[in-house]
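I have placed the structure first, in the form of C-alpha cells, so that the comments after it can refer back to it.
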Amino acid sequence: MIQIAPSILSADFSRLGEQVRMVEDAGAEVLHIDIMDGHFVPNLTFGPALVKSIRAHSRLRFDVHLMVEEPERYITDFAAAGADHITFHLETSLHVHRVIQQIKEQGMTAGIALNPATPLDGIKYILEDLDMVLLMTVNPGFGGQKFIPNVIPKIQVLHRHLEQLESACQIEVDGGINLETAPVAVKAGAHILVAGAAVFAQSDPKQAVVKLRQAADSVNKE
Ligand code: DX5
Ligand code: ZN
C-alpha cells in the first residue's frame, strides 16, 4: 500500500499541532520533517526541540529528512526527540555505512537520500542495510518546487533492482508531488509519497491527503 507523508515544511507553524492532527485524521501514515542546516542546502528549518514538541501530540511515524552536513552529529538528539526514522543524504557523508549503523543502534529505521543528479551507484553495496531510499524529485532546500521528470527512470531502475533482490526496502519520493505527479511516481515504483505544498498549501489539507491517496491508488488498480 502506498503511504502518504505530509511534509510540515509547508504547514502553518503558528498552529502546527492542529495541522499535524488534521493530516493524521485524514489517514496519513507518516509525518515528513525536513531538517536543513543552511550549508548543505541554502535554507534553515527546525531542530530536535520541534520534533519533541510535536511528538507529544501525534502517533504518526516521524520520518526525519536530514539535509545537513555531518549528519552523524545529530542522530542521538533526533532519536531522543522521538524520531522513528532518519534519512540522510549520500552527498553529506564519507562514512555512509557507519551512519546507517548509528541510526539503527538508536532503534530507528534508516534511509539514504539522493539528489536528482546523484546516480544510484553509490548505494549499491549498502542497499541491504537500508530500510528506505529517498529519491529527491526536486533539488533539496525549499517546498513548492516543480517535479523533475528526469528522476522517473531512476525510480524505475531502483524499483526493478529491489524487486530482483526481493528487498523490503521502500522508495520514497520527495518534491513536487501533487495530484498529477503522484500517479506517475507510483507507476514508476514509489512506495512513500512526500507532499508539502500539495497538502498544507491547500485550503483543506485533510481533503488534500484523501485526494492524493485516491490518485496514488488509482494506479495500483490498473
Ligand atoms: C525539499 C524537502 C521536501 C519539501 C517538499 O527540500 O525535502 O520535503 O517539503 O515540498 P513540496 O511537496 O512542496 O515539493
Ligand atoms: Zn524532505
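Please indicate, with yes or no, whether at least one residue in region 134-150 is under 20 Å from I75 (Cβ atoms), within 14 Å of ligand 2 (Cβ to nearest atom) and part of a loop (DSSP other than H, G, I, E, B).
First, the residues of region 134-150 that are under 20 Å from I75 (Cβ atoms): 134, 140.
Now restrict to residues that are within 14 Å of ligand 2 (Cβ to nearest atom): 134, 140.
Okay, now just the ones that are also part of a loop (DSSP other than H, G, I, E, B), so 140.
The answer is yes, given that some residue of region 134-150 is under 20 Å from I75 (Cβ atoms), within 14 Å of ligand 2 (Cβ to nearest atom) and part of a loop (DSSP other than H, G, I, E, B).
The selection criterion, being closer than 20 Å to L134 by Cα, hydrophobic (A, V, I, L, M, F, W, C), out of contact with any Phe, Trp or Tyr (no Cβ under 9 Å at 6 or more places or on another chain) and within 14 Å of ligand 2 (Cβ to nearest atom), holds for A5.
More than 16 Å from ligand 2 (Cβ to nearest atom), touching a strand residue (DSSP E or B) at 6+ places or on another chain (Cβ under 8 Å) and of a type in the set (K, R): does that describe K104? So that I can check it myself, show each step before the final result.
Working: more than 16 Å from ligand 2 (Cβ to nearest atom): yes; touching a strand residue (DSSP E or B) at 6+ places or on another chain (Cβ under 8 Å): yes; of a type in the set (K, R): yes.
Answer is yes for this residue.
Yes/no per residue for (1) crowded, with 17+ Cβ neighbours inside 10 Å; (2) within 12 Å of the chain's Cα centre (by Cα); (3) touching a residue at least 40 places away in the same chain (Cβ under 8 Å); (4) within 16 Å of ligand 1 (Cβ to nearest atom):
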residue	(1), (2), (3), (4)
A113	yes, yes, yes, yes
P119	no, no, no, no
I123	yes, no, no, no
S167	no, no, yes, no
I177	yes, yes, yes, yes
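Annotation note: Cβ proximity below 6 Å between a residue of region 135-147 that is within 15 Å of L193 (Cα to Cα) and a residue that is hydroxyl-bearing (S, T, Y) (sequence gap 6+ or interchain) occurs for G143/S10; F147/T137; F147/T181.
When T181 is tested against the conditions (1) in contact (Cβ under 8 Å) with a residue 40 or more places away in the chain; (2) among the hydroxyl-bearing types (S, T, Y); (3) under 23 Å from E69 (Cα atoms), the lone failure is (3).
Residues in region 206-222 that are under 18 Å from the mean Cα position of the chain (by Cα) and not β-branched (V, I, T): A208, L212, R213, A216. On the given criteria, is F200 at pLDDT 95 or above and within 14 Å of the chain's Cα centre (by Cα)? So F200 fails the test.
All conditions but one from (1) surrounded by fewer than 17 Cβ atoms within 10 Å (Cβ to Cβ); (2) part of a loop (DSSP other than H, G, I, E, B) apply to V157; the one that does not is (2).
The values are calculated or read from the model by the stated rules, or taken from the named source; none is laboratory data. Fair warning: this is a prediction, and the values are worked out from it, not measured in the lab. Reconstructed Cβ throughout: ideal geometry from the backbone, glycine too, with neighbour counts over all protein chains shown.
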